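Accompanying notes for the structure given below.
The values are calculated or read from the model by the stated rules, or taken from the named source; none is laboratory data. Values in this document were obtained by computation on a predicted structure and should not be read as measured data. Note that each Cβ is placed from the backbone with ideal geometry, even for glycine, and that neighbours are counted across all protein chains shown.
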């Protein structure tokens, strides 16, 4: 093979033994998973906000950001349920560039996957311990999910992974709600097929085992916009798009029809300030149409401490080194505004 095998990594069970979660923290995770499921099942009217940095690049600034979210969560707890984004793997369109904390715990140093595994587990554990938040992460690599599966409240399958069979089958065996993004091409049938697969039972190979999944009734859609054949960003969060998705769900007969609207990426054309307007437009559409209100369970927002983005090595605390994010002051104002409108 045209690759070098540098070192064998610890399996998830070994890492969990080195960095165990307490019974008290585990109970918090279970409670938050149950609350999240209630939202997707229509048993709770709370609105989900899956919110945080594009990529979790620095432990201290991420915890600082999430601690601020905790303060706001207490103010809006009757209407909004916040799940912070701690995205530790970063998909790359061409494969080049920073791939996230899992690969590089220090973005300025070379990749070290074992240090990365430890770093991402410690980060999620610290968030849970210090803020009471179990968080969301993207399942960039299905076999790595076991390193974090006892800590997460939510999992996303990205636009470049949603057509992959191993992602779909693994999602069918997860305990937490899993969001399936529409692919970058915008073909919603691909997304709906992924949801269908994830909601069904399967037998497949996982981490060297023959595994049997029970199906995940909380697998659902995430609309993130798409890119047309000319490379232009095309949104799919508008009223007509949501009506169309309602129709697709009715045709498929899937369990717990639901969608999360990703306010950044191709929906905003990566113009991060547009997330404010998009969020409020989605709520307006929910007020106007009862079917849309029932379908839309929440928003996904890219937000950090400082507005915008920076290059690796520039050293601005709490500023994204990947896609540009909404800064804290605007984020706090947006969350409070959304709570007033709900």
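At a glance:
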{"item": "The listed residue being closer than 15 Å to residue 329 by Cα, crowded, with 21+ Cβ neighbours inside 10 Å, in contact (Cβ under 8 Å) with a residue 24 or more places away in the chain and in contact with a strand residue (DSSP E or B) (Cβ under 8 Å, 6 or more places away or on another chain), out of 49, 69", "result": "69"}
{"item": "Elements of type strands (runs of 3 or more DSSP E) contained in segment 157-268, each with 1 or more residues being surrounded by fewer than 15 Cβ atoms within 10 Å (Cβ to Cβ)", "result": "202-206, 209-213"}
{"item": "Given (1) closer than 17 Å to residue 221 by Cβ; (2) part of a helix (DSSP H, G or I); (3) in contact (Cβ under 8 Å) with a residue 40 or more places away in the chain, index of the condition residue 118 fails", "result": "(1)"}
{"item": "Which listed residue, of 313, 318, is at positive phi, modelled with pLDDT of 95 or more and not in a helix (DSSP H, G or I)", "result": "318"}
{"item": "Single condition residue 153 does not satisfy, out of (1) more than 27 Å from residue 245 (Cα to Cα); (2) outside any loop (DSSP other than H, G, I, E, B)", "result": "(1)"}
{"item": "Sole exception among (1) surrounded by 16 or more Cβ atoms within 10 Å (Cβ to Cβ); (2) out of contact with any helix residue (DSSP H, G or I) (no Cβ under 9 Å at 6 or more places or on another chain); (3) not in a helix (DSSP H, G or I) for residue 92, by number", "result": "(1)"}
{"item": "Every residue from segment 18-43 that is outside any helix (DSSP H, G or I) and touching a residue at least 12 places away in the same chain (Cβ under 8 Å)", "result": "19, 21, 41, 42"}
{"item": "Residue match in segment 103-111 (condition: touching a strand residue (DSSP E or B) at 6+ places or on another chain (Cβ under 9 Å) and in contact (Cβ under 8 Å) with a residue 60 or more places away in the chain)", "result": "no"}
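Rundown of residues vs (1) at pLDDT below 95; (2) on the phi > 0 side of the Ramachandran plot; (3) touching a helix residue (DSSP H, G or I) at 6+ places or on another chain (Cβ under 9 Å), yes/no style:
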residue	(1), (2), (3)
19	no, no, yes
33	no, no, no
39	no, no, no
44	no, no, yes
69	no, no, yes
74	no, no, no
84	no, no, yes
98	yes, no, no
